[in-house]
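The values are calculated or read from the model by the stated rules, or taken from the named source; none is laboratory data. Just so we're clear, the structure is a prediction, and the values are computed from it rather than from any experiment. Here the Cβ is made from the backbone with ideal geometry for all residues, glycine too, and neighbour counts use every protein chain on show. SASA here: full protein model, heavy atoms, side chains in, ligands and nucleic acids out. Shrake-Rupley method; radii C 1.70, N 1.55, O 1.52, S 1.80 Å.
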Amino acid sequence: MPTSITSATAIARERATARAADPAVHPALDPDAAGPPEGPDSPDAPDNLGELEAGLDRLQDDTAASRPPVGKILLPLGTLAGLLSLWQLAAWFGSPRADLFPGPLEVLGTAASLAADGRLAEAVFTSLQRGVLGFALALAIGTPLGLLLSASSTLRRGLGPLVSGLQVLPSVAWVPAAIIWFGLTDATVFFVVLMGATPSIVNGFLSGVDMVPPQYRRLGTVLGASRTQQLLRIVLPAALPGYLAGLKQGWAFSWRSLMAAEIIAVGGSIGFGLGSLLQQGRDLSQMAVVVSAILAILAVGIAVELLVFAPLERRLLRRRGLAPGAGR
């Protein structure tokens, strides 16, 4: 909510409280004032504070709705066009060899060739399928583990540092061990993704639980809620923003871990993914293929953010009466 609307809300509430407390300030509450007083049952008697709050809420909604969506589209497109122009100028005038520093036109032509022979679509589909499945496995393991650690302080003190250490550990460190254990199979890739994403989900859940005000737990105790009821009906809903942030970070770690595994673990029964395409471009010294794979990896990450996590975040904030991106 903008600062001006917040200040107006505070001032309006103070004035409404003052009118309600002092009849002389509000003529309608003064029995000696001219004109008949408006009783609480009168249809013309306004609920000052309620009307003010409703009006300010409508003002906030109208202000957010009045923002032109064109700027939200044109600004990223303009930034992208500017970066591509600078990239193309640097390729034309800054590098004498197009094979070492290809411009966007060369990369676009290479990407079109990869798309025409089906390699790009195969790589994107394979990596996205692995990433989603690996993230789902990490979610199925990390969420119950986070619930367990949040419910037991003893377990959290014992396992919390280990989970944080696993989050800091680079996912690429698991690739050699996974190859030895599982060979050049998809199980190697899923194991690396799992070890990369699960600690982030657990820590995100715990961070969300830590941000829950203690008054919520006390209120649940007063109302007679059991420990399980407090955890599932009070703590977990209140921790959803932090949990969603942990999910976003977990997806980022899973996508990075997947690329690391696909780059190193090549061959065997492992399918052809974006990491494999990136490694193939390096082996053949085709810089345009390498850049095309990098841009495809970036595009998939941005698409998942915009199509999955951003709508979830907006819906969650709106249900809590918050305006997503109001201060941006």
Among residues of the range 153-168 being polar (S, T, N, Q) and closer than 28 Å to R256 by Cα, the residue most open to solvent (accessible area, probe 1.4 Å) is S164
Of the listed residues (Q229, Q249, Q215), the one being surrounded by 17 or more Cβ atoms within 10 Å (Cβ to Cβ) and part of a helix (DSSP H, G or I) is Q249
Counting only helices (runs of 4 or more DSSP H) entirely within the range 65-168, those with at least 1 residues that are closer than 26 Å to S276 by Cα, basic (K, R) and over 26 Å from the mean Cα position of the chain (by Cα) are 119-151
Within the bounds of the range 259-279, is there any residue that is acidic (D, E) and either open to solvent by less than 50 Å² (accessible area, probe 1.4 Å) or in contact (Cβ under 8 Å) with a residue 60 or more places away in the chain (or both)? yes
